[in-house]
Amino acid sequence: MSVKLSRSRSRVAEAATLRGEPDTEYDVQNVGQRLRELRKQKGLTINGLAKVARVPASTISKIENGLLKPSLVHAINLAHALEENLGFLVDHYRSQPQRTAFVYAGSRNEIDYPEMSFSLQDLNGQFIAGILEARLGSLRPGAHSGQAPMSHGGEELCYVLKGAIRYAIEGEEWTLGQGDSIQFKSTLKHRWQNAYRGTTQVIWIFSDSGGLQF
């Protein structure tokens, strides 16, 4: 089995190279193009989207022109306004949906949020968008979800692979260590922060209700 997988991986990588496909790094230019296309598909002007998403029109303009990478908060608000999954921010996000998706460890799409000191890798690959979304989160020292609590549709599950993460949900706090997990309704106001002196790794699983997975 290992030989077959190795050969398969080699063929996939070779094919991608021959097709001239970009790597999985975050591409600000393509993100801007996708945002503009989605906005126009919804029949919204920049000012119209700004009003619905509560994101400054100037910020949206800079994102669309490849001059600015959206923050996580702005990305969530834009996705909600466009009724779109946050995965649209990753290059080649499910451009060819598959019923069965195998994702190699080194080929995951990734979004980095330096202002919040964490990154997310897409574990779903090219799987058809449906009920569940899964992300591998790497939380550097000081990482957090933002100063203000957030809420969105669906449910959320977090499993700690290493390190520790602290959740505050509707006034209650839980600190999770390696092997611990928590699940809750994402409509509850919540925020999290890295509770470990080093890098914490978690697996996040979201239900697709509300379309705000990232």
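The values are calculated or read from the model by the stated rules, or taken from the named source; none is laboratory data. Predicted, not measured: the structure shown is a model, and the values here were computed from it. Using ideal geometry, Cβ is built from the backbone for each residue, glycine included, and neighbour counts are taken over all protein chains shown.
Do you know which residues across the stretch 35-55 are among the acidic types (Asp, Glu) and either modelled with pLDDT of 95 or more or touching a helix residue (DSSP H, G or I) at 6+ places or on another chain (Cβ under 8 Å) (or both)? Residues satisfying the conditions do not exist here. Checked across the stretch 137-153, the condition of being assigned to a strand (DSSP E or B), surrounded by 19 or more Cβ atoms within 10 Å (Cβ to Cβ) and touching a Lys or Arg at 6+ places or on another chain (Cβ under 9 Å) holds for no residue. For the stretch 72-86, the count of residues that are touching a Lys or Arg at 6+ places or on another chain (Cβ under 6 Å) and either modelled with pLDDT under 85 or under 22 Å from ALA195 (Cβ atoms) (or both) is nonzero. Being assigned to a helix (DSSP H, G or I), among the small types (Gly, Ala, Ser) and either modelled with pLDDT of 85 or more or surrounded by 14 or more Cβ atoms within 10 Å (Cβ to Cβ) (or both) is not true of GLY66.
With a requirement of 2 or more residues that are in the same structural domain as GLY146 (by TED's automatic domain parsing) and closer than 18 Å to LEU120 by Cα, the strands (runs of 3 or more DSSP E) lying completely within the stretch 161-205 that satisfy it span 165-169, 190-194.
Would you pick out the residues in the stretch 105-115 that are in contact (Cβ under 8 Å) with a residue 60 or more places away in the chain and over 17 Å from ILE203 (Cβ atoms)?
Matches in the stretch 105-115: SER107, ASP112.
Every listed requirement among (1) in a loop (DSSP other than H, G, I, E, B); (2) modelled with pLDDT under 85; (3) over 17 Å from the mean Cα position of the chain (by Cα); (4) surrounded by 11 or more Cβ atoms within 10 Å (Cβ to Cβ) is met by THR24 save one, (3).
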